[in-house]
Every structure is written in structure tokens, then in C-alpha cells.
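Enquirer: Okay, handing you the structure first.
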Amino acid sequence: MVILFVLVALVVLGILVTANWYLWRRLFRDTTRAPGLARRAGAVLIAGGWVLAITALVAERTGAPFWLQRTLAWPGFLWLALSIYLLLGVIVGEVVRPLLRRFLERRDRRKAATAVAVPRPEPVPAGAPPQEPPAAASPRLVAAPSRRLFVSRVVGGAAAAAALGTVGYGTYGVLNGPTVKRVTVPLAKLPRAAHGYRIAVVSDVHLGPVLGPGFAQKVVDTINGTQPDLIAVVGDLVDGSVKDLGPAAAPLARLKARHGSYFVTGNHEYFSGAEQWVEEVRRLGLHPLENARTEMPWFDLAGVNDLAGESEGQGPDFAKALGDRDRARACVLLAHQPVQIHDAVKHGVDLQLSGHTHGGQLWPGNFVASAENPTLAGLERYGDTQLYVSRGAGAWGPPTRVGAESDITVIELASKQA
């Protein structure tokens, strides 16, 4: 097992080194005439960016001093996002490069043909001395090395501009706060009196060294602005300890809903001290559902721990949360990961609310997330159970989203009896 792990690590390291050498070659070596400061600066930028990124990840996971985490997080995590789109940009540039070179070659041939064309001589009057034929214009062709340099600079510059623009726009979208989505979900067992009941679903806020109290306040204001009947916080609220992030989470005390706010753990809570966070959210006025159920006026609300809790003996227990309930009543389950839907189906849950996927967060990460989760985002049906997956309000790692807009979803329950 150890040998396999080492082999996988070496393969990943080899891919990473090769990809970054290729990035340096296309952006710095091919865009300069000779070795010099620009190439050395490029090597330092790429290598230094990855050192910052890896150090930021390690600092967060090992609970390094919070000031150090914040210092490393912004440049390190943004480099992760930027390097992805720089690499995608230069790969796309491989298609553009030969087309641009061919266009320039044809243009230069047309110019050369025009330059060497000899005009028809004018008639010479009788008795005039003979005239020398005009010398052919000497065409100034673009040398092949110069053309290659020009193409490399155009393609490299376009790739860099596209990557910077993409990451800048995606970061602005996260920091600006999540948008509100509204989804109607009909439940067969829901009584007529509960028709139109509103549940605000928020997941994956990821308060940490980048997203702090200001972001938490935006999330709270957005949720309160929807005037929900109930608030469901479905995991991955934080990336850090209560000691470091208690002030960042403080705005959650201002959440307002007619029937209260409820919380279940996500996998990141178990990286951050889940027991302490359960107590902290309880202190802030939220109701943790640790493999537990509560009876709301018109339906049962249940919650299970995240799968990551199994390593601490605190994994999901569907039997404890759902085993003795009255199945004639509708049941809404809070469970962080969409893969928990299969147990929800077995226990007759009507609707499961989840997060975890981030909708992929950074395209083309959606393809990876789709392969690992039964539903990437949105509402789907599994037998008699419906699953809604939120893309999440925040972001993990880079505070950036591309192709997966952050959201807070207002689920409006509909009674089929209405």
C-alpha cells in the first residue's frame, strides 16, 4: 500500500513538473529572444507560485498561526486558479499557433509578390537617349525566427490575458456574495396547510483565512432577505478552528427564520474540530442535527452527520435519525454529501438537501465532481425521494468560481393536495 502511494505521488509530481515546465516554455522561453532576466523571472514566478500554494494548503490543514494562513492564502490559492487557466490557455494556443503562422506566411508572400512586380515601361520618344530599366524593389520579408517569436508573443499574451480575466471575474463573483435561486419542490405527503413553505438552503460557506466576517454577513443578509420559514445549513461552514474563526462565524447569530435555523456537519468540519463547532453554532442560535430528527408542524426534519465523521466514530446514522418515525408524514433530510441519497431512499425520505460539490467550482472541475457525485447541482429524483444539491455560497481554496455560480437556494415546498 505504501509503495502504491509513493508511485501515485511520483506520477502526480511528474505531471505537475511537466505541466509547469510547458507553461514556462510557452509563456517565457518562446516569447524571448535569448536567456535573460525575463526567463529567470518566469521560472521564479511559476515555482514560487506553487510553493505559496502548497504552503497555504499545508498551513490550513495543520492549523498554523492564523496570521500566517491569511498571509499565504490569497496569493497561494489565487495562483492555483490562475495556473489552471494559464495552462488551458496555452493548450488552446496550440491550435491557434499554426493557424496564425500560416496566415502570416501567406500575408508575407502576397507582399513579396507585389514588391517584385515590374511595371510596364513607358514608351520612349524618338531620339531620346536610352534609359536604364527601373530596379526591382527589394522585398522585406519577415524572417522565420521573427515570425515565430511574434506568434509566440501573441498567443502567450492572449492566454495570460484570458486567464487573468477569467480568474478576476470568478473571484469578483465569489466576493460579491451568492445569488438567490428559487426552486419549487412538490411533496406528495405535505399537507395543504404547508403549501408554499420556504426553506433557505445554504452550504459550503467555507469561512477561513480568505472568506471572513464580512462575507458571513453578506450570506446572513442574503438569507434573511428571503424571509424563510426555516434555514438549513448543510455543512462545510468553516475551514479552521473555533479559536481562529469564531469572530468570522459570529454574524450567524443574526439569522432569522420563523421556525429557526438548523445545521449538519460537512467533511470540512471534521478537519476543523467538529465537536467544538457543533457547540459554537448551538451557542449562535442554530440547532445542530447530529443523527437526529425534530418534528416540524407539517413534516419531519432530520439531519445526519457527514461521512468524514466515521474516522472519529461520529459518522452518519440513518437508523437513529429516521428509524422510528411516522412514514405517513413528509420527511426532509439534511445531509452534506449527495452520495448519502441512497440511504435516504432506503429510509423513505421525501427530500434530501445537500451541498459538497460546489457545482465543480472551477471549470472543467465539474466533470470530476460529476463523476464522484450522483447529482452535481439542482433537483433530481431517485425513486420516491428527491435530492436537491446546492452549488454552495462560498468557495474552498481559490476564492474563485468559473462556470458554477455560488448560490443560496430557497426551496418552496408544494403540497399536491393544494
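Enquirer: The range 217-240 to the range 2-34: how many Å between their Cα centroids?
Expert: That distance is 41 Å.
Enquirer: Oh, and also: At a threshold of 8 angstrom on Cα-Cα distance, excluding pairs fewer than six apart, so keeping six or more, what relative contact order does the range 178-415 reach in percent?
Expert: Reported as a whole number, the value is 28 percent.
Enquirer: Relative contact order, percent, of the chain when contacts are C-alpha pairs under 8 Å separated by at least 6 residues?
Expert: Details: 784 pairs, mean separation 77.9, N = 418.
This gives 19 percent for the chain.
Enquirer: What is the distance in Å between the Cα centroid of the range 334-396 and that of the range 270-305?
Expert: After rounding, the separation between the Cα centres reads 19 Å.
Enquirer: Over the range 178-415, consider all pairs of different Cα atoms and compute the Kirkwood hydrodynamic radius from their mean reciprocal separation; express it in Å, one decimal. Walk me through the numbers before you get to the answer.
Expert: Numbers: mean 1/r = 0.0576 Å⁻¹.
Computed over the range 178-415, the radius equals 17.4 Å.
Enquirer: Let's test the formula: R0 of 56 Å, r as the Cβ-Cβ distance of Arg148 and Glu295. What FRET efficiency results, to the nearest 0.05? Don't skip to the end; give the middle numbers.
Expert: Working: r = 73 Å, r/R0 = 1.30.
Efficiency computed from Cβ-Cβ geometry: 0.15.
Enquirer: Around His287, which amide H atoms from residues at least 5 apart in sequence, or from another chain, sit under 5 Å from its own amide H, with H modelled in the peptide plane?
Expert: It is Ser261, Tyr262, Phe263, by chain and number.
Enquirer: Identify which of the listed values of log10 I(q)/I(0) by the Debye sum over Cα atoms at q = 0.08 Å⁻¹ was calculated from the structure shown: (1) -0.64; (2) -0.55; (3) -0.48.
Expert: Comparing each candidate, only (2) matches the computed number.
Enquirer: Which angle between 0 and 90 degrees, to the nearest 10, do you get for helix 37-62 versus the longest principal axis of the chain when only C-alpha atoms count?
Expert: 10
Enquirer: Over the range 178-415, what is the percentage of antiparallel beta bridges among all DSSP beta bridges, to the nearest 5?
Expert: Taking every DSSP beta bridge within the range 178-415, about 30 percent pair in antiparallel fashion.
Enquirer: Within a 10 angstrom radius of the beta carbon, how do Tyr22, Tyr262 rank from fewest other beta carbons to most?
Expert: Ordered by Cβ neighbours within 10 Å, fewest first: Tyr22, Tyr262.
Computed from the coordinates by the stated procedures, all read-outs in this text should not be read as laboratory data. Since this is a predicted model, take the numbers as computed values, not measurements. Counting neighbours? That spans all protein chains shown, and the Cβs are built from the backbone with ideal geometry, glycine included.
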